[in-house]
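For reference, the structure discussed in these notes is given below.
The values are calculated or read from the model by the stated rules, or taken from the named source; none is laboratory data. Keep in mind it's a predicted model, so treat the numbers as computed, not measured. FYI the Cβ positions are ideal-geometry reconstructions off the backbone, even for glycines, and counts take in every protein chain you see.
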Amino acid sequence: MTVTRFGFVSLLASPLLAQSSRDVFLLAGQSNMAGRGVVEAADKQAWPGISVFTKAKTWAPAVDPLHFDKPEIAGVGLGRTFAATVQKQSPLKEIGLIPAAMGGSSLQEWAPGGPLFTNAVERTKAAGGKLRGILWHQGEADAVAGLESTYAERWMVVMTALREAVGDVPVVVGELGRFNAKYAAVSEQLAMLPVRYARTGFVSAGGLQAKADGVHFDAPSLKEFCRRYAHAWLMLAGNW
């Protein structure tokens, strides 16, 4: 399918689009990356030049939910609005999103060689294109005594292995929801990553709201979070 965008013809997630022409982003972490925001009609409208790598490992128009970790509750997440925001800075680029997050997953479950890590690597390699960044939101499952204080060290082990496997690209991490005080210690660890780990950005969750469950960001907050992720990535990316 084709549409006209900014006076040029743009492929809308066409299977004929050469894989190498896409700039792709890996989406990793747990449920707030996958997204549990309420999906509305507008979230089902495809945007030109933005596609998603499906569970079947094919490219399709990027509509929410992008993730398929838990289909019965998957919703708006950290993906589409990020892509749209970075695309505004370079409107002719074709952007691909690779969903790999898993709701409820701990950092230990992302250990190199484990199923989640392996799946993320395999999907990234199968997607083709040029990997431009890794978006990470995870840590709620590690907000327990005995794990909080070591989060950064353990995260760096995971991310070093992931970069070695898929490419040394910028990484953007997000603060956990301020609406739950028990997340504060892990968020402090996340906030220090940019000074401890090269080419890493940290995004504030200030002012963002939770759903009634007190765990997941609501859809408007996730879209705002996406914009913040995009701005952080653009700062790291340099020439875009």
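Within region 181-198, residues that are small (Gly, Ala, Ser) have Cβ atoms under 6 Å from residues that are in a loop (DSSP other than H, G, I, E, B) in these pairs: Ser187/Glu175; Ser187/Leu176, counting only partners at least 6 apart in sequence or on another chain. Yes or no: region 182-198 includes at least one residue that is farther than 21 Å from Ala141 by Cα, more than 17 Å from the chain's Cα centre (by Cα), part of a loop (DSSP other than H, G, I, E, B) and at pLDDT 95 or above. Yes.
Taken over region 21-41, the criterion of being surrounded by fewer than 19 Cβ atoms within 10 Å (Cβ to Cβ) and within 21 Å of Tyr229 (Cα to Cα) is satisfied by Val38, Val39.
Right, Val63: within 14 Å of the chain's Cα centre (by Cα) and at pLDDT 95 or above or not? Criteria not met by Val63. Against the test of being buried (at least 22 other Cβ atoms within 10 Å of the Cβ) and not in a helix (DSSP H, G or I), the options Trp155, Trp136, Trp240 yield a single qualifying residue, Trp136. Counting the residues of region 66-102 that are surrounded by fewer than 20 Cβ atoms within 10 Å (Cβ to Cβ) and either outside any loop (DSSP other than H, G, I, E, B) or in contact with a helix residue (DSSP H, G or I) (Cβ under 7 Å, 6 or more places away or on another chain) (or both) gives 5. Among the residues that make up region 104-114, is at least one of them assigned to a loop (DSSP other than H, G, I, E, B) and among the hydrophobic types (A, V, I, L, M, F, W, C)? Checking region 104-114: at least one residue is assigned to a loop (DSSP other than H, G, I, E, B) and among the hydrophobic types (A, V, I, L, M, F, W, C). Restricting region 93-131 to residues that are of a type in the set (Asp, Glu) and without any contact (Cβ under 8 Å) to a residue 40 or more places away in the chain, the residue that is nearest to Ala46 (Cα to Cα) is Glu122.
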